[in-house]
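Chemist: Take this structure first; my questions come after.
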Amino acid sequence: MPRIERSADVTWEGNVARGSGRISGRTGAFTELPYSLPTRIGQAEGKTSPEELLAAAHAGCLAMSIAGELTQADTPPERLDVTCTIVMDEVEGEGHQIVAAQVVVRSDADVASVLEAADAGCPFSTLLRKAGVDVTISL
């Protein structure tokens, strides 16, 4: 597989408490997604956060990896539903850190037989584990 590069642009205006930002993907797939500290740590109010984007990236990566493993086993899935929740918490002496990624996979296919290989093949699972994040995947 060739080297892959993707970029996003962020504009932030104001201080951290009262400011706000917008996130856009360079591909144009998403543009001007709003975010702010109050909607990051409180009610989302229709805005996103870096944690939500990480959750989407991890769920998307794992879904593709599971589909790849099932396809290699000659049992391609009809549908996979993957939900990822990123948990950020206060870590003593380190401030707020991402401490967990909780993933739930739902499918009619026999996902259990390929889950370990799919997880190992998902770069986001690997990245998070190497960073000390507790990654759990349940069916």
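No value in this document is a laboratory result; all are computed from the given coordinates. Remember, it's a predicted structure, so these values are computed and weren't measured experimentally. Cβ atoms come from the backbone with ideal geometry, glycine included; neighbour counts cover every protein chain shown.
Chemist: Output the relative contact order of the chain, whole-number percent, from Cα pairs under 8 angstrom with separation of 6+ residues. Let's see the in-between values first.
Modeler: Details: 213 pairs, mean separation 23.2, N = 139.
Relative contact order comes out at 17 percent.
Chemist: Taking neighbour Cβ counts within 10 Å as the exposure measure, how do 3, 40, 129 sort from fewest upward? Walk me through the numbers before you get to the answer.
Modeler: Details: 3 4, 40 17, 129 14.
Going from sparsest to densest Cβ surroundings: 3, 129, 40.
Chemist: Using a 10 Å cut-off on Cβ atoms, rank the peptides 120-127, 5-12 from the highest mean neighbour count down. Walk me through the intermediate numbers first.
Modeler: Numbers: 120-127: 17.4, 5-12: 10.1.
Put in order of decreasing packing, that is 120-127, 5-12.
Chemist: Tell me, in nm to one decimal, what length is gained between residue 5 and residue 97 on full extension, where the rule is 0.36 nm per residue of separation less the Cα-Cα distance? Don't skip to the end; give the middle numbers.
Modeler: Numbers: separation 92, 0.36 × 92 = 33.12 nm, distance 2.54 nm.
This chain segment gains 30.6 nm when fully extended.
Chemist: Nearest 20 debye, what's the magnitude of the dipole of the chain about its Cα centre given +1 on Lys and Arg Cβ and -1 on Asp and Glu Cβ? Mind dumping the intermediate values first?
Modeler: Values: 11 positive and 20 negative charges, 101 e Å.
The calculated dipole for the chain is roughly 480 debye.
Chemist: Could you check the simple spin-label distance between residue 75 and residue 130, using points 7 Å along Cα→Cβ, in nm with one decimal?
Modeler: 3.1
Chemist: Does anyone have the angle between helix 50-72 and the longest principal axis of the chain? Alpha-carbon axes, 0 to 90°, nearest 10?
Modeler: Orientation of helix 50-72: about 10 degrees from the principal axis.
Chemist: Once you have the Cα-Cα distance between residue 17 and residue 39, take 0.36 nm times their residue separation minus that, and quote the gain in nm to one decimal.
Modeler: Numbers: separation 22, 0.36 × 22 = 7.92 nm, distance 1.06 nm.
Going from the current span to full extension adds 6.9 nm.
Chemist: Then there's this: For the range 6-60, rounded, prolate or oblate, judged on the Cα gyration tensor with a ≥ b ≥ c (square roots of eigenvalues), a/c < 1.5 rounded, else prolate if a/b > b/c? Before the final figure, lay out each step's value.
Modeler: Numbers: a/c = 2.29, a/b = 1.33, b/c = 1.72.
The shape class here is oblate.
Chemist: Which value in deg cm²/dmol, rounded to the nearest 500, describes the helix-derived mean residue ellipticity at 222 nm for the chain, given -39,500 (n - 2.57) per DSSP H run of n ≥ 4 and division by the residue count? Don't skip to the answer; put the middle values down first.
Modeler: Numbers: 4 runs with 42 residues, N = 139.
Dividing the helical sum by the residues of the chain leaves -9000 deg cm²/dmol.
Chemist: Quick one: go through the range 68-101 and flag any residue whose amide nitrogen is under 18 Å from the point 7 Å out along the Cα-to-Cβ line of residue 113.
Modeler: Residues 68-80 fall inside that zone.
Chemist: Regarding the chain, what are the three Cα extents along the principal axes, ordered largest first, in Å?
Modeler: If we take the Cα atoms of the chain, the spans are 53, 38, 30 Å.
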